Amino acid sequence: MVEATSIWEFVRRFPDDLSCLNHILDTKFGVDRVCNRCGVANSVWLKSNHKVASCYQCGVVVRPMANTMLHHSRIAPRVWFYAMLLFANMPRGTPAHFLERHLSISHKAAWRLGHSIRRHIACLRIGQARIFSNPSYSVQIDETILKNVVDISGNSSSVLVMGIWSREGIMTFPLRDRSKDSIIENICQLVDRRVNIITDDFASYASLSSRGYQHARITHSKGIWVDGNGNNTCGIDSYWSYLKRYFRTTYKRVSMENVISYLKEAEYRYDCSRKGEDMFLKMISSFPDIR
Ligand SMILES: [Zn+2]
């Protein structure tokens, strides 16, 4: 069962801006608020203006929102937290026009809010980046073309996306091209040699065996979807269906430069759902610099 924070839990835990700011401080200094400079516990507290915190022992001043997505924002911290709850609890993404109506803010502010939350998720995601190294789990690798993308001139375009799927998680990223060099270079960086790889029979994957990988090629070109050992690409294929539905129904026009943050949001939501994790609690577990 997927865990989720309800609106009632949210209201109880974050009744005001102060509770949100204190939570950010807790993520940065721990619940015992140890000062980074003097090392004294229970010393870092918000000042009366709530915009800065300081250590009562050594006097060092800390800005809890500096460089995070809340940096220099006129939107109240509790609204940011509530918007994150919406992101977490809406299964197919949170478009700007919904945030605009739901939060009674301008479209520009709603777009910036959503964009910053997506960058926050991307930073959390990149912070967790690791190679696929568990030999107990095969990885399925494929690439697809994502439409719904606009280029810098506002013209409809598309982007080539590569996906690596295993029972541990999903990772996707834009791919330069479908050449062997481009594909193999990414796989060698992201997948440990001890891990079995399953792909279709596209020619660019052919040299994986010579790179030291156990490689199963499923000959989709001949209408074969499962080999004699039960290897298949159902995991990555079902992720592509999920991702394309996500873009088709919610994010219908995404700028090329922001594609990566939308990909990371989709990954984050998918992995949280599969692992039964509370996406909101994960999103507020850390406030990395997004600048
Ligand atoms: Zn101190």
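The values are calculated or read from the model by the stated rules, or taken from the named source; none is laboratory data. Keep in mind it's a predicted model, so treat the numbers as computed, not measured. A quick note on method: Cβ atoms are made from the backbone with ideal geometry, for glycine too, and the neighbour counts reach across all protein chains shown.
Could you please let me know if V44 is within 20 Å of H120 (Cβ to Cβ), within 16 Å of the ligand (Cβ to nearest atom), touching a Ser or Thr at 6+ places or on another chain (Cβ under 9 Å) and of a type in the set (V, I, T)?
no
Do we find a residue being under 17 Å from the mean Cα position of the chain (by Cα), among the aliphatic types (A, V, I, L, M) and in a helix (DSSP H, G or I) anywhere in the range 94-111?
Checked the range 94-111: no residue is under 17 Å from the mean Cα position of the chain (by Cα), among the aliphatic types (A, V, I, L, M) and in a helix (DSSP H, G or I).
Could you count how many residues in the range 180-215 are touching a residue at least 60 places away in the same chain (Cβ under 8 Å) and among the aliphatic types (A, V, I, L, M)?
So the answer is 3.
Inside the range 188-291, counting only helices (runs of 4 or more DSSP H) that do not spill past its ends, which hold 3 or more residues that are assigned by TED's automatic domain parsing to the domain that holds N155 and surrounded by 13 or more Cβ atoms within 10 Å (Cβ to Cβ)?
Those helices (runs of 4 or more DSSP H) span 234-249.
Taking G30 and the conditions (1) within 15 Å of the ligand (Cβ to nearest atom); (2) of a type in the set (G, A, S); (3) on the phi < 0 side of the Ramachandran plot, which numbered condition does it fall short on, given that it satisfies the others?
Unmet condition: (3).
Is at least one residue of the range 3-23 more than 16 Å from the ligand (Cβ to nearest atom) and basic (K, R)?
Yes, there is a match, as at least one residue in the range 3-23 is more than 16 Å from the ligand (Cβ to nearest atom) and basic (K, R).
Just to be sure before I move on: is P91 in contact with a helix residue (DSSP H, G or I) (Cβ under 8 Å, 6 or more places away or on another chain) and crowded, with 16+ Cβ neighbours inside 10 Å in the structure I sent?
Here the answer is no, as P91 does not meet what is asked.
Here are the criteria: (1) in the same structural domain as T68 (by TED's automatic domain parsing); (2) within 22 Å of S241 (Cα to Cα). Tell me which single one H120 does not satisfy.
Only one criterion in (1) in the same structural domain as T68 (by TED's automatic domain parsing); (2) within 22 Å of S241 (Cα to Cα) is unmet by H120, namely (2).
Return yes when K51 is surrounded by fewer than 16 Cβ atoms within 10 Å (Cβ to Cβ) and not in a loop (DSSP other than H, G, I, E, B) and no when it is not.
So K51 does not fit the description; no.
Evaluate the following for I24: is it in a helix (DSSP H, G or I), in contact with a helix residue (DSSP H, G or I) (Cβ under 9 Å, 6 or more places away or on another chain) and modelled with pLDDT under 95?
Yes.
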